Every structure is written in C-alpha cells, then in structure tokens.
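Right, one structure below, let's go through it.
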Amino acid sequence: MPVHMRRLFVALTLCCALLAGATACGSSETTTRETAAAAIAGTPSPTTSAEKQKFAKTRFVANAALAAGATYQWIVKPWKAGKFKKGAKGRRLALVKAGLAGAFTYNRLKAAVKNAQGDPALSKALAPLAAGIESLKNLPSKLRSGDPDAVGAFGDVINKVKDAGKSAGAEVKEKVPSAGQLAGG
C-alpha cells in the first residue's frame, strides 16, 4: 500500500474515532457543540462551582484593577495637575486620553460586575453599585466640557468598587493598563 493511502486511511480512522467518541460522550447535541466550541476557543471552563467562584473573583480583581489604574493615571492625576482647565498646556491631549480612559473604565467595570455575578459574596457587595457604574457612561463627555464633578464621580465609583471587593475578600489594587489595552477597550 502506498504511503499516501496509508496516511489517508489513518486520518480517516482517527476522524471516525473522534466523531464516535464525541457523539457517545455528549448527552445532547447542544452540549457536544458547546464543549467543542469551548475547546476550540481555548477558554478554560471550570467544572465545579468552587472553581467558578475562584475564577470569577480573579477576573473581577483584574478588571477592577485595570479600571482603577486607568482612572487614576489618565483622569484623576491630570485633573489634579490642572490639565483640564481651559487654556492649559496639553489640554486637548489630556482630554482625549481621559475620554479613552473613561470609556475603558466603564467597559472594565461592566466586565467586573459580570465577573462578580459568579461569586455570591461579590454579587451582593456590588449590587448597590450598578447604578453608579451605569452613570459613568456619560462622564467622558462631561470631562470634555470641563465639568469638575465628573472626576469626582469616577473616583467615587472606583473607591466603592474597591471597598466592595475588599469586603468580599477580593482586594483590588490599581494596575495601569498599557496604551494598547486602553485603545482596545
């Protein structure tokens, strides 16, 4: 038997074995598809509720830390330095960065809230903050208009998220995101 025929036979046998194994293991068609999709995507899927909670807390801390770092680095520090005042040197660039940081912060906080839903203690601690996080959606435009209360709102929400995480056993420390992360959202 030529080499290319043997390879074809081996490949066909392996495909049939994998197909039969996947069909036999799955309890339903959707379960098999979901498992295959998760395997292809390369996303870890925790098997127990304890692992889900552990991963949820870790992802919450990572997302909240990035939000806190972006807020401090590109919104609070420039505001304290007076970069948002009319006529300040570098105002336009500071406002662009603050707008990007505001959108990034909103995105990461929404992701952190979603992660917190996997952990009972975190979900209880963050439940009252949902309205505050949602209010951040319009703050980048307020920053551009020079509203001084906008910076305070970002700081307040970040501090409340940090406190809620700490009370649930997930301490959040600021982590400044890279420029690529900030631009990517």
Please compute the length gained on full extension between Glu134 and Glu174, using 0.36 nm multiplied by the number of residues separating them and subtracting their Cα-Cα distance. 12.3 nm
Nearest 0.05, what FRET efficiency do Ser167 and Ser141 give at R0 = 41 Å with Cβ-Cβ as r? 0.80
For Lys83, give me every one of the lysines with a C-alpha distance below 30 angstrom, ignoring sequence neighbours fewer than eight places off in its own chain. Lys97, Lys110, Lys137, Lys142, Lys160, Lys162, Lys173, Lys175
Subtract the Cα-Cα distance of Gln181 and Ser123 from 0.36 nm times their separation in residues, and report this length gain in nm to one decimal. 18.3 nm
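Since every read-out is calculated from the coordinates, none of them should be taken as a lab result. Treat the numbers as computed from the prediction; the structure is a model and nothing was measured. Neighbour counts run over all protein chains shown; Cβ positions are idealised from the backbone, glycine included.
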